[in-house]
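Report on one structure; see the data block that follows.
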Amino acid sequence: MTTNASRTVKLHNMQIDEFDKFSKWSINDYAEELLLAKQSSSKEKALQKAENEFNEILPYGLETKDNYLMMIVNESDEDVGVIWYLINGNMVFICDFVIFEKYRRCKYGYMTLEQLEIIAIKDDKESIMLHVFSYNTPAIGLYKKFGFIIVQEKDNGSIYMQKKLI
């Protein structure tokens, strides 16, 4: 658990009903991001690409090896967001991370990254990486504030960021 004044977050494993809601949301959200980043020409194609990638990465849902889907819970035991990360060798890769709209700008995002960093260090991981689209300046700002640096920018608006832990 990470504390910031009176605010705290803890992470708990997603349950199947939470995963069902998350998977629908995540696919739709990623499709919207593909459209905003101009990586898809239509909503239908974006949805198909998002669904294919989601199912490719998580073929066994919550049981997919090395993938961790966590609910982010605040000090009042309210769900404030979701983080999905995977372990790949010596690296943790954040696949999806969202703080729900009404809980943004309350430090929950930063505290969640602190929690993930603690997990990664305990697991002897060397870095945390993530992908973000260039239009998502609030997220990029949060990641930079937490110590991530841009390691790759692509012409299609994709940005890869990394925080080294050792």
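The values are calculated or read from the model by the stated rules, or taken from the named source; none is laboratory data. Because the structure is predicted, anything quoted here is derived from the model rather than measured. We place every Cβ from the backbone using ideal geometry, glycine too, and count neighbours over all the protein chains shown.
Observations on the structure shown:
- Listed by first and then second residue, the pairs with beta-carbon distance under 6 Å, at least 6 apart or on different chains, first residue in region 12-38 and of a type in the set (Gly, Ala, Ser), second surrounded by 14 or more Cβ atoms within 10 Å (Cβ to Cβ) and outside any helix (DSSP H, G or I), are 26/96; 37/133; 37/157.
- Test: residue 38 is out of contact with any Phe, Trp or Tyr (no Cβ under 7 Å at 6 or more places or on another chain) and part of a loop (DSSP other than H, G, I, E, B): yes
- Region 45-77, residues that are in contact (Cβ under 8 Å) with a residue 40 or more places away in the chain, within 12 Å of residue 22 (Cβ to Cβ) and buried (at least 18 other Cβ atoms within 10 Å of the Cβ): 69, 70, 71, 72
- When residues of region 83-100 are limited to those that are within 17 Å of residue 64 (Cα to Cα) and β-branched (Val, Ile, Thr), the one farthest from the chain's Cα centre (by Cα): 87
- Those residues of region 1-34 which are of a type in the set (A, V, I, L, M, F, W, C), buried (at least 17 other Cβ atoms within 10 Å of the Cβ) and assigned to a helix (DSSP H, G or I), in sequence order: 19, 22, 27, 31, 34
- Residue 42 vs. criteria over 27 Å from residue 7 (Cα atoms) and surrounded by 15 or more Cβ atoms within 10 Å (Cβ to Cβ): no
- In region 17-69, the residues that are at pLDDT below 95, hydroxyl-bearing (Ser, Thr, Tyr) and out of contact with any Asp or Glu (no Cβ under 9 Å at 6 or more places or on another chain): 40, 41, 42
- With respect to the stated conditions, residue 49 is more than 24 Å from residue 164 (Cα to Cα) and basic (Lys, Arg).
- Take the conditions (1) farther than 23 Å from residue 159 by Cβ; (2) surrounded by 19 or more Cβ atoms within 10 Å (Cβ to Cβ); (3) without any contact (Cβ under 8 Å) to a residue 40 or more places away in the chain; residue 80 misses just one of them, which is (3).
- At least 3 residues being buried (at least 18 other Cβ atoms within 10 Å of the Cβ) and touching a helix residue (DSSP H, G or I) at 6+ places or on another chain (Cβ under 9 Å) is the threshold, and among the strands (runs of 3 or more DSSP E) wholly inside region 100-166 those reaching it are 127-133, 158-164.
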